[in-house]
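Colleague: Please read through the structure below; I'll follow up with questions.
The values are calculated or read from the model by the stated rules, or taken from the named source; none is laboratory data. Please read all numbers here as calculations on a predicted model, not as lab measurements. Cβ sites come from the backbone with ideal geometry, for glycine too, and all protein chains shown count toward neighbours. Please note that ligands, DNA and RNA were not included when accessible areas were found on the heavy atoms of the full protein model with its side chains. Shrake-Rupley method; radii C 1.70, N 1.55, O 1.52, S 1.80 Å.
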Amino acid sequence: LKDYQNRTFEFSNDVYYVMDIWHTRCGQCFKTMPKINAMHEFNKNPKVQYMLVNYPLQVDSANQAYHVLKPYNFSTPQLNGPSNLDKLLKVEKYPTIIVMHNSNILYRGSSTIFSEDKLNKLMQKTK
């Protein structure tokens, strides 16, 4: 994953990464992003990191995802995935939430049903 300046994102051990996987042509993705952004803004746990991860489409220009999100003023970190992100994370529909911890996928599912409660339960299971 890379940021808008093309810097590689470094994953840390023992952090729970909540990734909202989306793409620029996904209308539903833009409807659920405010929920993930709110979760990010209210998060007080340093061991939880929320991020918006773009699955780049072939028709997208460089950094198009950042330009598309700019008017929303989301504070959630925004990253670009590789062109094979869907295969790497086994994403079949968008938006999808992926929760990773220590390189393991703990959750892969719909962003509409994902909640803080779900995250807390996942965290309890891995303690």
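Colleague: Give just the number: which of (1) more than 17 Å from residue 6 (Cα to Cα); (2) surrounded by 18 or more Cβ atoms within 10 Å (Cβ to Cβ); (3) touching a residue at least 60 places away in the same chain (Cβ under 8 Å) does residue 81 not satisfy?
Modeller: Here residue 81 clears every test but (1).
Colleague: Given the residues 63, 6, which is the only one that is in contact with a Phe, Trp or Tyr (Cβ under 8 Å, 6 or more places away or on another chain), more than 23 Å from residue 115 (Cα to Cα), open to solvent by 40 Å² or more (accessible area, probe 1.4 Å) and not hydroxyl-bearing (Ser, Thr, Tyr)? Give the derivation first.
Modeller: On the way: 6 fails: in contact with a Phe, Trp or Tyr (Cβ under 8 Å, 6 or more places away or on another chain).
Unique residue meeting the criteria: 63.
Colleague: Here is a check on your reading of the model: is residue 108 open to solvent by 50 Å² or more (accessible area, probe 1.4 Å) and more than 30 Å from residue 127 (Cβ to Cβ)? Break it down stepwise before answering.
Modeller: Values: open to solvent by 50 Å² or more (accessible area, probe 1.4 Å): yes; more than 30 Å from residue 127 (Cβ to Cβ): no.
Judged against the criteria, residue 108 is not a match.
Colleague: Which of the residues belonging to the stretch 22-48 are open to solvent by less than 60 Å² (accessible area, probe 1.4 Å) and farther than 17 Å from residue 115 by Cβ? Spell out the reasoning first.
Modeller: Going residue by residue through the stretch 22-48, those that are open to solvent by less than 60 Å² (accessible area, probe 1.4 Å) are 22-24, 26-27, 29-30, 32-33, 36-40, 43, 45, 48.
Within the stretch 22-48, 22, 23, 24, 26, 27, 29, 30 meet the criteria.
Colleague: Separate question: Confirm whether residue 117 is in a helix (DSSP H, G or I), open to solvent by 70 Å² or more (accessible area, probe 1.4 Å) and not small (Gly, Ala, Ser). So that I can check it myself, show each step before the final result.
Modeller: On the way: in a helix (DSSP H, G or I): yes; open to solvent by 70 Å² or more (accessible area, probe 1.4 Å): yes; not small (Gly, Ala, Ser): yes.
Criteria met by residue 117.
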